[in-house]
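Any read-out appearing in this document is the output of simple, stated calculations on the displayed coordinates, not a laboratory observation. This structure is a prediction, so every number in the text was calculated from the model and none was measured. Counting neighbours? That spans all protein chains shown, and the Cβs are built from the backbone with ideal geometry, glycine included.
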């Protein structure tokens, strides 16, 4: 297997992109798409074919968990990086929804729109990675968090990285008379795998440095290491042992099931780490809104008499 080729990966793992890339060996039976040796069986429900049914349940569980995390984060009113972390969670919601579409056959692999949805998934995943790094650097307090400038910079960086990965993936899949095509996947591999892995590594190293030299919190360090364990375990189960899992489970699940499950645990550890290193200022927390009502009384609209700027921000889903 040459560098940048998905032949070896797709022979073991049924990734969504495997249906739209081509084998380097042009004598392959399929001109487009690489079929893994073992993959999770599909289920027919109400005349609808559903792929990766086990993975679908994991995605639905992940959606519920992220919604709970968002609710808890919005209640942590004055925590550092709250608005930026909320944007990260919204990106993760989009990633799970896009994964549901391509994993479970909402967009069939044979449809002309399938390459667009796979490119969308790759782009959102890349945006999540760079958004995570931005939140990690924010903890060093090089600049003020929660400001319009900080949020706009973060969103611009995320959008730019999303667009780059989306366009490269789409051109690779569609082969629009360019140097990139579904057999020459090295560029896409470098951007979506190598560079994103480097970004994740920078995030982990930066947070370990922050915890050891600034915060000196073993609990926070444990959350980082546990999150790394779940993420690495998920990657190994997905890319190395997927075929063995599939055969052992009689084709009901494969490595993607455990990979998605480990990713959900990783998200939980990211939130728990952020929760450990940030404190809410109880003097201005939303828990005291009731006290404000008792002191000032409701206004004519039934709300609090004085509405501060921070309270206006909290009423928006983007803060």
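Using the Kirkwood radius built from alpha carbon pairs, what does the Stokes-Einstein equation give as D for the stretch 95-172 at 20 °C and 1.002 mPa s, in µm² per second?
Result for D is 157 µm²/s.
Bin width 10 Å, origin at 0, all Cα-Cα pairs of the stretch 51-207: what percent of pairs per bin?
Result, from short to long distances: 11, 33, 35, 17, 4, 0 percent.
Need the full-extension length gain, residue 93 to residue 179, defined as separation in residues times 0.36 nm minus the C-alpha distance. One decimal, nm.
Answer, rounded to one decimal: 27.6 nm.
Starting at 0 and stepping by 5 Å, how many percent of the alpha carbon pairs of the stretch 183-252 end up in each bin?
3, 14, 15, 16, 15, 13, 11, 7, 4, 1
So how many Å³ per residue does the convex hull of the Cα atoms of the stretch 1-138 work out to?
125 Å³
Please find the FRET efficiency linking residue 190 to residue 142, where r is the Cβ-Cβ separation and R0 is fixed at 30 Å, and quote it to the nearest 0.05.
That gives a FRET efficiency of 0.55.
Give me the extension gain from residue 156 to residue 45: residue separation times 0.36 nm, minus the current Cα-Cα distance, reported in nm with one decimal.
35.8 nm is the gain from fully extending residue 156 to residue 45.
Using only the alpha-carbon atoms of the stretch 132-217, report the extent along each of the three principal axes, biggest first, to the nearest angstrom.
52, 29, 13
For the stretch 160-268, what's the relative contact order in percent, using C-alpha pairs closer than 8 Å and at least 6 residues apart?
The value is 17 percent.
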